[in-house]
Structures are given as structure tokens and as C-alpha cells.
Amino acid sequence: MKLILMGATGLVGREVLRLALMDARVTAIVAPVRKSLPGHPKLEAPRVDFDRLPLDAPWWQADAVICTLGTTMKVAGTRQAFWRVDHDYPLAAARLALAAGTRTYALNSAAGANAASRFFYNRVKGELERDLEALGFRSLTHVRPGLIGGERDEARAGEGAALRLLRVLGPVLPRRWRINPAPRIASALLEAALAGAPGVHVVGPEQLA
């Protein structure tokens, strides 16, 4: 199978890439990036401007897309910039891939995704899920992790303390409140992409603990 991986340099995206490169079922991976990735015989990593994704690139035609694109308000700076990265980029990639014949899409979303949420982050994730569903992929999976465990490139305010607390309390907490390790999330995304089960599917945090 040929996969398109959006967001290959982030915490979850790096894990997806690692797993996909080791998986014999995956024969080719296209990972559009802003910065270079280490070379691999199965990997094509075209340098792109996510504000101007190439409309006619032949690599949009694949078996599945896995999208792990995302940022933080601290990095984005404004709500408009956050919306562009977490909503517009994943949706633009979905449209281009679908137009090229790709029929399966797996999204790294969030546990609180809800288009009607009062919280901006959850609303953005929910509106992206809704807009992806409207496109008509044969197979669409929303993987909704809670707090993600792993080493990020940038520190996130409050997240470190929350992770330390949840590591201590993990054994006594309900599964949906436990830390979701990045490799578990990546595995769920990859399996959803490879399976391509028809319909819309949701993988919740209790399945990722």
C-alpha cells in the first residue's frame, strides 16, 4: 500500500512514520514536509508550502492518508493561525487526495472534538471532523486521544505536570482518562489506514491507553 502522511515531523507523526517504514504492508510513503527528513527507500518527502499545496502532484494518488497535523496556540500566536494549521491544512490535503482517487483518511483528532463546543480547541477539531465527513471518503477514521504521552519538540504549558500526575494515578483511573502514548495512537492511525473499513469510525481515548 501507498500512504500519504501529513505531519510526519510531529510527536505522533514521527511514530506513524517509524511504524510505517517497518511495516511490510506499506510499500511507499509520501510525507510532504517543510523541513527535510532522513532518507529511506520507501520514503518520498517533498518539500511543500502548506499554504500553497501543489494541486497536481502525482503523489496525491495513494491508498490512504494519515493526518497528524496540529499546532498549539502558543506556537500559532492567534486563533486564525491555529485554525489554519489544525483545520484548513488537513482539509485541503483531504480534498486534493480525494480528487486524485485516494479513498481512505485517518485523522489524529482529540478526545473533546465537538463542533458545538464552547472551547475553541475542541470546536476546531470537531468542525474538521464534520467537514471531512462531508467530503465522502469511503473510509474515514477519527482517532481521538486524550493527553498524549511522549517527548515533544516544544514544551506545552501545564502538560508536563498533568502527565506526571496521570502517570502516578494511571492504574486507578478509568481507561479514558489515562495517558495515551504516542506509539499507541500512531498504531491506531496506521491500522485504520491499512484496513480501510467502509464508513466513519471513531477510536476513543479508552482504546488508546
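The values are calculated or read from the model by the stated rules, or taken from the named source; none is laboratory data. Because the structure is a prediction, the values reported are computed rather than measured. Backbone-built Cβ (ideal geometry, glycine too); neighbour counts: all protein chains shown. These area figures cover heavy atoms from the full protein model, side chains too; ligands, DNA and RNA do not enter into them. Shrake-Rupley method; radii C 1.70, N 1.55, O 1.52, S 1.80 Å.
Tell me which residues come under 5 Å, amide H to amide H, from V65 once H is placed; ignore anything under 5 positions away on its chain.
Long-range HN contacts for V65: I4, T104, Y105, A106.
Using the Cα centre as the reference, give the magnitude of the dipole from point charges on the C-beta atoms of the chain (Lys, Arg: +1; Asp, Glu: -1; all else neutral), rounded to the nearest 20 debye.
460 debye
What are the lysines whose alpha-carbon lies under 26 Å from the alpha-carbon of K42, with same-chain residues fewer than 8 places away excluded?
The reachable lysines, counting only those whose Cα sits under 26 Å from K42, are K2.
In the chain, what percent of the accessible surface is made up of carbon and sulfur (1.4 Å probe, ligands and nucleic acids excluded)?
C and S fraction of accessible area: 55 percent.
Straight-line reach from K74: which lysines have a Cα under 18 Å away, not including same-chain ones fewer than 8 places off?
Straight-line reach from K74, under 18 Å: K125.
Please find, in a Gaussian network model of the chain (springs between Cα atoms separated by less than 10 Å), the residue of A62, A76, A94 whose mean-square fluctuation is greatest.
A76
Put +1 on the Cβ of every Lys and Arg and -1 on every Asp and Glu Cβ in segment 32-113; which of V75, A97, L53 then has its Cα farthest towards the positive end of the dipole?
Most positive-ward Cα: V75.
Leaving out ligands and nucleic acids, and using a 1.4 Å probe, what accessible area per residue does segment 17-141 come to in Å²?
50 Å²
From the phi angles alone, apply the Karplus equation (6.51, -1.76, 1.60; θ = phi - 60°) to segment 31-37 and give each ³J(HN,Hα) in whole Hz, x where the residue is Gly or Pro.
The phi angles translate into 10, x, 9, 8, 10, 5, 10 Hz.
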